[in-house]
Amino acid sequence: MKPFYITTPIYYVNDVPHLGHAYTTIAADALARFHAMAGDDVLMLTGTDEHGEKVQEAAAKRGLTPQALCDDVAPRFAHTWTQLDMGPFTADGARRRFIRTTDARHKAVVARLWRRIRARNADDLYLATYQGWYCVGCEAFYKESDLDKAGDAWHCKTHGRPVAWLDKERSWFFRMSRYGEALLEHIERHPHFIQPEHFKNEVVSFVRGGLRDLSVSRTSFAWGIPVPEDDPEGRAHVIYVWMDALTNYVSALGGFDDDAGGEPREFGTYWRAATHLIGKDILRFHAVYWPCFLMAAGLPLPRTILCHGWWTIGGRKISKSIPATRVDPVKLASDLGELSSVPETGIDALKYFLLRETPLGNDGDLIFENLLDRYNADLANDLGNLINRITAMVTKFGAQATPAADAALAAEGPFAALRRVADEAARDARAAWDGFQPSRALEATWRLVAEGNRLVDATQPWALAKAGDNVRLAQVLHDLLATAWWLRRMIAPVLPATARTLHGWLGVADDAPLGWPEPGQLGHDLPPVKVVASTPLFPRLDDKRKDALLARWLPAEPAAAAPADPAAPAPAPVTAPVLPPIQFADFEKLDLRVGKVKAAVKVAKADKLLHLTVDLGEGRDRSIVSGIAQRYAPEALVGKQVVVVVNLEPRKMKGILSEGMILAAGDDAILGLAAVDAEVPPGTRVR
């Protein structure tokens, strides 16, 4: 048995699972199922990424400790995968494992990786100061050439949000610049290392542009794995979240060293067969940072970095941060399975659409009408119809037992065509699965579905029964059952619930071999069957039903405002009482200036406070603490013009010096910021 180790990214616990997470996991699960059928020794890994600034911020918003947040959210991911028929069961031959980066074993392996890098080349990790543009969403620093410019603000290309300028943070650095040539050489020698090809070309171009040393620790937050050595200046560092997270692929195998100094068994068995399935937004971390870490530690690299595109809705990436794109995969699957006699086939329908609609390396746009059209065409009309035809005709004409085959007839006309198509479909689908192309694998499988339906139409078994042509009828029923048995196995990587149901309807023994069909064996590998009556697996959706589903899934159009009644009195405005009058001389005591926000971060343990760095044209930036965190995300403020009271007496808030006040609108809640309607230089007087 060849080892096959497939991993998904580990998912951040700062929100619940959505369809973007599900797509990656579904694709990995389908690959795991296929390789188990092909006779490989399969291990699949998924899990949760539980450290870093994003997690600390999300916990603070909910009034929880980071560990409490992780303990609450991580089980939701595991439960979602179980609901989508991807739980840690082993009946299909593929073992699945779930890892959390707060596990003690994982933390120990991350610390060992750090020490191993230091032991091999001490100066591969060194202390220095750093400043640059930082995206909290990516938890990464970027050069301006890697960002988009919108107005005066730089924006992350992945998240579309402003990045913050972090000024001279002291951190440990990894000497990544040392490993660029070695990485290019590895990519050249191993053409399968980064797939598909266009993503490999993107990585090669990036590395040839020159690698910079990488900041691999943080002192600005505490939620992470401590650096396993002291900073001479006494600062407490936590290991960069990506160095921590990427190591999960190794720590899940027990790490790279055992107590005796050798390789743990699972690492030795699976690591060189590892395939990391990832989205394109994290390609650089996996195809550049991770290999460089491993080379510095003297460890082998994974076999393949397999990169897929994004699923978008209306051209926008599915994301927790954009409510209009946040799709619950469990609800979508449940809605699709409502009318079926086997509701779990709704899960299969969702998986089929995601993997069939768009090749794995391409972007796909989730158009709900296309989902319903493919459900009707491929699942209801083609596969579901063929299964129901086969079981109904065998039940009616064949007394449920396996009909006898006739060797001479098998070589004739439609029977020979069926065998030719079956052999080609099995061979082509297997090659596509081996090549990480599930869409092509399903396309090849559906050629056999279509040929099965053609055999029914060409031979008309009901007419053969009426004419008493029992030999030809038996051959038709035999070949249809043989086709159903092949399809039971060929659809199993993507439609496991449908495959299990078909297995039961055919009355095949539970211990029947479930390996991938071999060309030339159609009918010869058919085990004894005892067919039972079936019910519709994929009931066709009529227009009324489709409209009802679309009404559930699509955001409602905003209701048109009712025309105003000119006779109705205008509603009284809700305002705070006006304060007593002041003298103009009192107003003149206020010094109001236009400032430009250069950076903004959350204040720890203070849900309402942001710490802003503001340029007021003074030759230095001011530190201002403002109670606007519940209205504005920090990154949304960078580059904004604000009106500041600059001559307010400074005071400390949560230990941070505040040298002014941002003017904002709103009484109990912040509704907006005071601003000017044109771009003006920082420090301009407001009067």
Would you please name the residue that is nearest to Leu211 (Cα to Cα), looking only at residues in the stretch 88-130 that are exposed (fewer than 13 other Cβ atoms within 10 Å of the Cβ) and of a type in the set (Gly, Ala, Ser)? Ala128
Only one of Gly298, Gly261 is part of a loop (DSSP other than H, G, I, E, B), over 15 Å from Pro9 (Cα atoms) and at pLDDT below 95; which? Gly261
Just wondering, is there one or more residues in the stretch 49-60 that are within 24 Å of Asp328 (Cα to Cα), assigned to a helix (DSSP H, G or I), modelled with pLDDT of 90 or more and in the same structural domain as Ala245 (by TED's automatic domain parsing)? yes
Qualifying residues in the stretch 371-395 (those that are out of contact with any helix residue (DSSP H, G or I) (no Cβ under 7 Å at 6 or more places or on another chain) and without any contact (Cβ under 8 Å) to a residue 40 or more places away in the chain) - the one farthest from Ala499 (Cα to Cα): Asp373
Selection status of Phe206, in a helix (DSSP H, G or I) and either among the aliphatic types (A, V, I, L, M) or touching a residue at least 12 places away in the same chain (Cβ under 8 Å) (or both): yes
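Is it true that Val508 is buried (at least 23 other Cβ atoms within 10 Å of the Cβ), β-branched (Val, Ile, Thr) and either more than 24 Å from Ala410 (Cα to Cα) or not assigned by TED's automatic domain parsing to the domain that holds Ala30 (or both)?
no
Give me the residue from the stretch 371-418 that is outside any helix (DSSP H, G or I) and charged (D, E, K, R) and, out of that set, modelled with the lowest pLDDT. Talk me through it step by step, then tell me what you get.
Initial filter on the stretch 371-418 (outside any helix (DSSP H, G or I)): 398-406, 411-412.
If we keep only those that are charged (D, E, K, R) as well, we get 406, 412.
On the way: Asp406: 83, Glu412: 86.
So, considering only residues that are outside any helix (DSSP H, G or I) and charged (D, E, K, R), the one modelled with the lowest pLDDT is Asp406.
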Within the stretch 394-442, how many residues turn out to be surrounded by fewer than 22 Cβ atoms within 10 Å (Cβ to Cβ), more than 43 Å from the chain's Cα centre (by Cα) and of a type in the set (A, V, I, L, M, F, W, C)? 11
Which residue is surrounded by the most Cβ atoms within 10 Å (Cβ to Cβ), if the candidates are limited to the stretch 53-78 and must be more than 12 Å from Ala604 (Cα to Cα) and touching a strand residue (DSSP E or B) at 6+ places or on another chain (Cβ under 8 Å)? Val55
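Conditions (1) touching a strand residue (DSSP E or B) at 6+ places or on another chain (Cβ under 9 Å); (2) in a loop (DSSP other than H, G, I, E, B); (3) modelled with pLDDT of 90 or more, marked per residue:
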site: Pro88; (1), (2), (3): yes, yes, no
site: Arg97; (1), (2), (3): yes, no, yes
site: Arg118; (1), (2), (3): yes, no, yes
site: Gln131; (1), (2), (3): yes, no, no
site: Tyr134; (1), (2), (3): yes, no, no
site: Trp154; (1), (2), (3): yes, no, no
site: His159; (1), (2), (3): yes, yes, no
site: Arg170; (1), (2), (3): yes, no, no
Test: residue in the stretch 585-592 that is surrounded by 17 or more Cβ atoms within 10 Å (Cβ to Cβ), hydrophobic (A, V, I, L, M, F, W, C), at pLDDT 75 or above and over 12 Å from Ile624 (Cβ atoms): yes
Set Ile670, Ile624: member being over 15 Å from Val597 (Cα atoms), assigned by TED's automatic domain parsing to the domain that holds Val597 and either under 42 Å from the mean Cα position of the chain (by Cα) or in contact (Cβ under 8 Å) with a residue 60 or more places away in the chain (or both): Ile670
Working carefully through the options Ile305, Ile313, find the one that is modelled with pLDDT under 90, among the β-branched types (Val, Ile, Thr) and within 28 Å of Ile194 (Cβ to Cβ). Ile313
Within the stretch 270-285, of all residues that are of a type in the set (Lys, Arg) and out of contact with any Leu (no Cβ under 9 Å at 6 or more places or on another chain), the one surrounded by the most Cβ atoms within 10 Å (Cβ to Cβ) is Arg284
Residue tally, condition touching an Asp or Glu at 6+ places or on another chain (Cβ under 8 Å) and modelled with pLDDT under 90, over the stretch 318-349: 1
Is the stretch 601-608 home to any residue that is in a strand (DSSP E or B), in contact with a strand residue (DSSP E or B) (Cβ under 7 Å, 6 or more places away or on another chain) and within 20 Å of Pro682 (Cα to Cα)? no
If we keep only residues of the stretch 652-662 that are at pLDDT 90 or above and part of a loop (DSSP other than H, G, I, E, B), then the residue farthest from Arg622 (Cα to Cα) is Gly660
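Residues are listed down the side, and each one gets a yes or a no for (1) under 22 Å from the mean Cα position of the chain (by Cα); (2) part of a loop (DSSP other than H, G, I, E, B):
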| position | (1), (2) |
| --- | --- |
| Trp242 | yes, no |
| Gly268 | no, no |
| Trp290 | yes, no |
| Pro302 | yes, yes |
State which residue is farthest from the chain's Cα centre (by Cα) when the search covers only the stretch 344-370 and only residues that are more than 20 Å from Arg489 (Cα to Cα) and in a loop (DSSP other than H, G, I, E, B). Ile367
Leu648 vs (1) farther than 28 Å from Glu588 by Cα; (2) in a loop (DSSP other than H, G, I, E, B); (3) not β-branched (Val, Ile, Thr): all pass except (1)
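The values are calculated or read from the model by the stated rules, or taken from the named source; none is laboratory data. All figures in this text were calculated on a predicted structure; none of them were measured in a lab. When we count neighbours, we look across all protein chains shown, and the Cβ atoms used for this are built from the backbone with ideal geometry, even at glycine.
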